[in-house]
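K.L.:
Submitted below is the structure of interest, expressed as structure tokens.
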Amino acid sequence: MNGPRPNVSLRQLQAFLALAEQRSFTRAAALSHLSQPAFSALISQLEGALGLRLFDRSTRHVEPTPEGIEFERSARRVLAELDAALSGVSDQLARRRGRVSIALLPSLAAGWLPEILHDYRAAYPGVEIEVADVLSEPCVDLVRRGQADFALAAVRADTEELQAEPFCRDDFHLVCPAGHPLLALAEVRPRDVAAWPFVHMARNSSVRQYLDSALHPLKMKTLMEVDQLATVMGMVRAGLGVSMIPALTLFHFAQPGLVTRRLAWAGLERHIYLVRRRERSLSLAAQSLYERVKAQPPATSMRPRRVRRTGRALS
């Protein structure tokens, strides 16, 4: 059809379908809860807008014209698609459907997140959940690229695209084999730990970067660098060395033959941030999970303190 698109209303389409089904202005008007003149006006307005005669009328019968039969197919499809769209919005509002993607550090994904997701899943079983358990920089990158709704990362990613809100902080603990000489000291100092073989996390991990920053310029007696906390646990339990790990990872080290001890050293504290895209609304499903996460920081962590924006960003 050339020229301006016809201006057709939902009420006109509904009236048309009622008349196509009932083949009677009287019955169709009653089903539409309209007076017969008002109903007839809707049909006339629709035919005028389309420039087509949709019904043949007589004193005894109302029959769709060939054009009316063809238009009925299209009208039913349009109303079915509209109904599906409105139903989808209703489901979104009720959180019966939707999708949410969260990126976070592996230690948080393994130790703290499962209980959060258990409760969320019970409340919204129809929502699809995607979890990326990766290091801080990949977490932030997933949010930046729109592949994660929000992230929990040990980096303050305040940029034009992203905003980072303090979420929680945790201290560090020494982990040793049971009976290790360091455990006999009344106070464990950095130089005491530096005298023993040390099992380090990889340099791109937040654990390693916080340790390097806090211990500089002290040199550790590095035995090896590994990617997984489970590997750190195994090496220390075997007596190969000692290590230092954040409080949020302590569940990995609740093993026979291992002892952990809190270290109250100045500057040795890890900060976790909630990262999301700036000035972008979350979906209803993602917003619900975001609010739960924000309200329930890990029990082993501390509430965030104000961190100077000039502080060095760690990944």
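The values are calculated or read from the model by the stated rules, or taken from the named source; none is laboratory data. In this text the structure is predicted, and so the values were computed from the model without any measurement. FYI the Cβ positions are ideal-geometry reconstructions off the backbone, even for glycines, and counts take in every protein chain you see.
K.L.:
Just checking, which of Pro256, Pro246 is out of contact with any helix residue (DSSP H, G or I) (no Cβ under 7 Å at 6 or more places or on another chain) and assigned by TED's automatic domain parsing to the domain that holds Cys176?
P.N.:
Sole residue among the options that is out of contact with any helix residue (DSSP H, G or I) (no Cβ under 7 Å at 6 or more places or on another chain) and assigned by TED's automatic domain parsing to the domain that holds Cys176: Pro256.
K.L.:
Can you tell me which of (1) without any contact (Cβ under 8 Å) to a residue 60 or more places away in the chain; (2) surrounded by 13 or more Cβ atoms within 10 Å (Cβ to Cβ) is the one His61 doesn't meet?
P.N.:
It is condition (2) that His61 fails.
K.L.:
Those residues that are over 20 Å from Val188 (Cβ atoms) and assigned to a loop (DSSP other than H, G, I, E, B), I need them from segment 237-253; list them, please.
P.N.:
Ala238
K.L.:
Hey, another quick one. Under the condition of being more than 23 Å from His271 (Cα to Cα) and within 14 Å of the chain's Cα centre (by Cα), which residue from segment 103-135 is surrounded by the most Cβ atoms within 10 Å (Cβ to Cβ)?
P.N.:
Restricting to residues being more than 23 Å from His271 (Cα to Cα) and within 14 Å of the chain's Cα centre (by Cα), the top hit is Val127.
K.L.:
On to the next question. Taking segment 36-56 on its own, how many of its residues are in a helix (DSSP H, G or I) and surrounded by fewer than 16 Cβ atoms within 10 Å (Cβ to Cβ)?
P.N.:
Looking only at that region, the number is 7.
K.L.:
If you don't mind, there's one more thing I want to ask. Among the candidates Asp158, Asp192, Asp171, single out the residue that is surrounded by 13 or more Cβ atoms within 10 Å (Cβ to Cβ) and part of a helix (DSSP H, G or I).
P.N.:
Selected residue: Asp192, the only one of Asp158, Asp192, Asp171 that is surrounded by 13 or more Cβ atoms within 10 Å (Cβ to Cβ) and part of a helix (DSSP H, G or I).
K.L.:
Here's another thing I want to ask about it. Checking Tyr124 against (1) out of contact with any Gly (no Cβ under 9 Å at 6 or more places or on another chain); (2) modelled with pLDDT under 95, only one condition comes out false. Which one?
P.N.:
Tallying (1) out of contact with any Gly (no Cβ under 9 Å at 6 or more places or on another chain); (2) modelled with pLDDT under 95, Tyr124 fails exactly one: (1).
K.L.:
Sticking with this one: Quick one: is Glu161 more than 15 Å from the chain's Cα centre (by Cα) and either of a type in the set (Ser, Thr, Tyr) or modelled with pLDDT of 90 or more (or both)?
P.N.:
yes
K.L.:
Does segment 136-154 hold any residues that are in a loop (DSSP other than H, G, I, E, B) and buried (at least 22 other Cβ atoms within 10 Å of the Cβ), and which are they?
P.N.:
Answer for segment 136-154, where residues must be in a loop (DSSP other than H, G, I, E, B) and buried (at least 22 other Cβ atoms within 10 Å of the Cβ): Ala148, Asp149, Ala154.
K.L.:
Separate question: Six or more apart or on different chains, Cβ under 6 Å: which pairs go from a residue in segment 224-236 that's assigned to a helix (DSSP H, G or I) to one that's among the hydroxyl-bearing types (Ser, Thr, Tyr)? Could you list them?
P.N.:
The qualifying pairs are Leu229/Thr249; Val232/Ser243; Val236/Ser243.
K.L.:
Another question, then. From the list Ala214, Ala266, pick out the single residue that is buried (at least 16 other Cβ atoms within 10 Å of the Cβ), modelled with pLDDT under 90 and either more than 27 Å from the chain's Cα centre (by Cα) or assigned to a strand (DSSP E or B) (or both).
P.N.:
Answer to the selection: Ala214.
K.L.:
Being modelled with pLDDT under 95, of a type in the set (S, T, N, Q) and out of contact with any Leu (no Cβ under 9 Å at 6 or more places or on another chain) is the filter here; which residues of segment 229-254 pass it?
P.N.:
none
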